[in-house]
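The values are calculated or read from the model by the stated rules, or taken from the named source; none is laboratory data. Since the model is a prediction, treat every value here as computed from it, not as a measurement. Reconstructed Cβ throughout: ideal geometry from the backbone, glycine too, with neighbour counts over all protein chains shown. All accessible areas refer to the heavy atoms of the entire protein, side chains included, with ligands and DNA or RNA removed. Shrake-Rupley method; radii C 1.70, N 1.55, O 1.52, S 1.80 Å.
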Amino acid sequence: MSDRYIAYRLLRKNFRGGLYGKDFREAFSYVEEKAFFKELVYGVLRRQEYLDWIIDKFLKKKDIPPSIRVLLRMGVYQLFFTSIPAYAVINETVNMVEHRGFRGLVNAILRRVSEHGYIEPKELYIKYSHPEWLVDYWSSFLPEDYLKDLLRYNLTPAKVVARVNSRKIVRENIKISDISFTKHSPYGIIFNSFDRSPWELEEYKNGIITFQSEASQIIPLIIEFNKGENILDTCAAPGGKATHILELADVNLFVNDISFQKIEIVRKQMERLGFKAKYTVSDARKIKEKYGKIFDKILVDAPCSGFGTIRKNPEVVRRQNYASIKKLSILQKEILDATWSLLKEGGELIYATCTITKEENTEVASWLFKEKKAEVVDIRKKLDNYGVRYLWDGFGALFYPEEVLTPFYVSVFKK
Ligand SMILES: C[S@@+](CC[C@H](N)C(=O)[O-])C[C@H]1O[C@@H](n2cnc3c(N)ncnc32)[C@H](O)[C@@H]1O
């Protein structure tokens, strides 16, 4: 089976789950030209609106089988965004057409696209391949420079970033080739090239590094965790921030997630790093039944629409819609409502999302402020110290997208 054919099968599966998703991982382990395979799969997902726009320009009848559309997207992507000669792209793509009756059509469309050359669209949403509603929605509340950077960065794959375990080593002493350091997180390393599975690295197996985005690394750095404190991480899987908290301080950590399978992942990560925690599997909205008012700090890294992770999960933009944003914001308020009662007086709650919506960020934070008479902790100085640029909404901060740093929203409240 050729690498292209494996990519086609994966893309036909309505691929979900991001770079480290199971389907992708399995396929990635088979293919020979790993860098090309990754570029092709992610490139097609990332440029979908643009590719469809081009394809539709040359199609008489737009109603073609989904498998043919996937092949056309793959073909057009390679014609415009790789240096593979057109004749090779066209031949390889036509050979993959299973419905023989469509071979002529695929051949003709790709030939015409190739002869015509790249076409620059006027509309932002096509140029940057996002759903139109999303670009309109963002334009309604994001400053122009934020939106421009966001759309531009979303077309480029996220860098593979890891956190160095500060209990074991400082990042300056790490012996991995071709890495650089993150600008804001003092623990982050960036892999400049990556053509094998990250899990094969000895440094990963030995608990020296943990794969985690730079933005995610910043969240636990915003507040101080002290020895002996009771900390609850309500939505903890896969454990990126939970393990980070234990690298930072000897606290009593309670980790919870709604999914049993995902809690097992956290447990494995803790074992890999040599940490201990207490585990529960519960809907965070019902967590009151499990604990009393015993926590000094609570992290609610909430389930969210995930628009800050588009560079890693390009399909996210097509999975979410305005109705799902509204639904998630209700869930987030319900989680905060339940967990706030577990916080000691004077304790702090960190609310974070990896998304860019008013409903899930500012509106949820302002709800907590009003409903619970929560005191807003001004985290701006902390963020300034790490050199993070953000938009401040009076409650929390939304990180600006950068070359490596991806958008995250964070707010801290005191009881
Ligand atoms: C953004 S992820 C958390 C990431 C994690 N904190 C980290 O740093 O690795 C959100 C998590 O919330 C969990 N989740 C979703 N709904 C939940 C609920 N009602 N109660 C508890 N956890 C929930 C999901 O299973 C998912 O693991």
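Over the range 213-414, with a single point scatterer placed on each C-alpha, what log10 of the ratio I(q)/I(0) does the Debye formula yield at q = 0.15, 0.16, 0.19 1/Å?
After summing over all Cα pairs, the log10 values are -0.92, -1.06, -1.56.
Please identify every one of the chymotrypsin sites (Phe, Trp or Tyr not before Pro) in the range 109-183 that sits in a loop by DSSP and has no more than 13 other beta carbons within 10 Å of its own beta carbon. Could you put the intermediate results ahead of the total?
On the way: sites: Tyr118, Tyr125, Tyr128, Trp133, Tyr137, Trp138, Phe141, Tyr146, Tyr153, Phe181; in loops: Tyr118, Tyr128, Phe141.
Sparse-neighbourhood loop chymotrypsin sites (Phe, Trp or Tyr not before Pro): Tyr118.
List the relative contact order of the chain as a percent without decimals, with contacts defined as Cα pairs under 8 Å and 6+ residues apart. Can you show the working numbers first?
Working: 668 pairs, mean separation 53.8, N = 415.
Once divided by the residue count of the chain, the mean separation gives 13 percent.
With a Förster radius of 45 Å, plug the Cβ-Cβ distance of Arg389 and Glu98 into 1/(1 + (r/R0)^6) and report the FRET value to the nearest 0.05.
Values: r = 49 Å, r/R0 = 1.08.
It comes out at approximately 0.40.
What percentages make up the Cα-Cα pair-distance distribution of the range 3-120 when the bins are 10 Å wide from 0?
13, 49, 31, 6
Need the full-extension length gain, Glu363 to Ser341, defined as separation in residues times 0.36 nm minus the C-alpha distance. One decimal, nm.
Working: separation 22, 0.36 × 22 = 7.92 nm, distance 2.00 nm.
Full extension of this stretch gives 5.9 nm more.
What residue among Tyr351, Ile209, Met270 has its Cα farthest toward the positive end of the dipole of the chain, where the charges are +1 on Lys, Arg and -1 on Asp, Glu, each on the Cβ?
Going by the charge dipole, the pick is Met270.
Starting from the Cα-Cα distance between Glu289 and Asn226, subtract it from 0.36 nm times their residue separation and give me the gain in nm to one decimal. Please report the intermediate quantities before stating the final value.
On the way: separation 63, 0.36 × 63 = 22.68 nm, distance 2.61 nm.
That works out to 20.1 nm of additional length.
How do Met1, Met74 rank by accessible surface area computed with a 1.4 Å probe, from largest to smallest? Walk me through the numbers before you get to the answer.
Values: Met1 165, Met74 0 Å².
From most accessible down to least: Met1, Met74.
Quick check for me: using +1 on Lys/Arg Cβ and -1 on Asp/Glu Cβ, what's the dipole size of the chain about its Cα centre, in debye to the nearest 20? Intermediate values should be presented prior to the final figure.
On the way: 66 positive and 54 negative charges, 164 e Å.
Charge dipole, the chain, about its Cα centre: 780 debye, nearest 20.
For the chain, divide the Cα radius of gyration by the Kirkwood radius and give the resulting Rg/Rh value with two decimals.
Values: Rg = 22.9 Å, Rh = 22.9 Å.
Ratio of gyration radius to Kirkwood radius for the chain: 1.00.
If each DSSP helix of 4+ residues adds -39,500 (n - 2.57) and the sum is divided by the residues in the chain, what number results at 222 nm, nearest 500 deg cm²/dmol? Spell out each step's value before the answer.
Values: 18 runs with 180 residues, N = 415.
Here the helix-only value at 222 nm equals -12500 deg cm²/dmol.
So which GluC sites (Glu not before Pro) in the range 306-415 pass both tests, a DSSP loop state and at most 13 other Cβ atoms within 10 Å of the Cβ? If you can, show how the numbers build up before the last one.
Working: sites: Glu315, Glu334, Glu345, Glu348, Glu359, Glu360, Glu363, Glu371, Glu375, Glu402, Glu403; in loops: Glu315, Glu359, Glu360, Glu402, Glu403.
Sites meeting the loop and neighbour criteria: Glu403.
What is the calculated FRET efficiency for Lys62 to Arg319, with r their C-beta to C-beta distance and R₀ = 22 Å, to the nearest 0.05?
Values: r = 22 Å, r/R0 = 1.02.
After rounding, the FRET efficiency stands at 0.45.
Once the mean 1/r over all distinct Cα pairs of the range 142-237 is inverted, what Kirkwood radius in angstroms do you read off?
Numbers: mean 1/r = 0.0645 Å⁻¹.
Value: 15.5 Å, from the Cα pair sum.
Which lysines does Lys358 reach when only Cα atoms under 19 Å apart count, and residues fewer than 8 places away in its own chain are ignored?
Partners found: Lys148, Lys326, Lys327, Lys333, Lys370.
Compute the long axis of helix 3-12 from its Cα atoms, compare it with the longest principal axis of the Cα atoms of the chain, and write down the angle in degrees, 0 to 90, nearest 10.
Roughly 70 degrees between the two axes.
If I stretch the segment between Asn91 and Arg9 completely, what's the gain in nm (0.36 nm per residue apart, minus their alpha carbon distance), one decimal? Mind dumping the intermediate values first?
Numbers: separation 82, 0.36 × 82 = 29.52 nm, distance 1.79 nm.
Extra length available between Asn91 and Arg9 comes to 27.7 nm.
Can you give me the angle between helix 103-116 and the longest principal axis of the chain, using Cα atoms only, in degrees from 0 to 90, rounded to the nearest 10?
80 degrees
Could you tell me whether the range 93-214 comes out rounded, prolate or oblate from its Cα gyration tensor? Rule is a ≥ b ≥ c as square roots of the eigenvalues, rounded for a/c under 1.5, then prolate if a/b exceeds b/c, otherwise oblate. Each step should come with its number before you reach the end.
Numbers: a/c = 3.39, a/b = 1.59, b/c = 2.12.
Verdict is oblate for the range 93-214.
Compute the acute angle (0 to 90°) between the alpha-carbon long axis of helix 260-273 and the principal axis of greatest extent of the alpha-carbon atoms of the chain; round to the nearest 10°.
70 degrees
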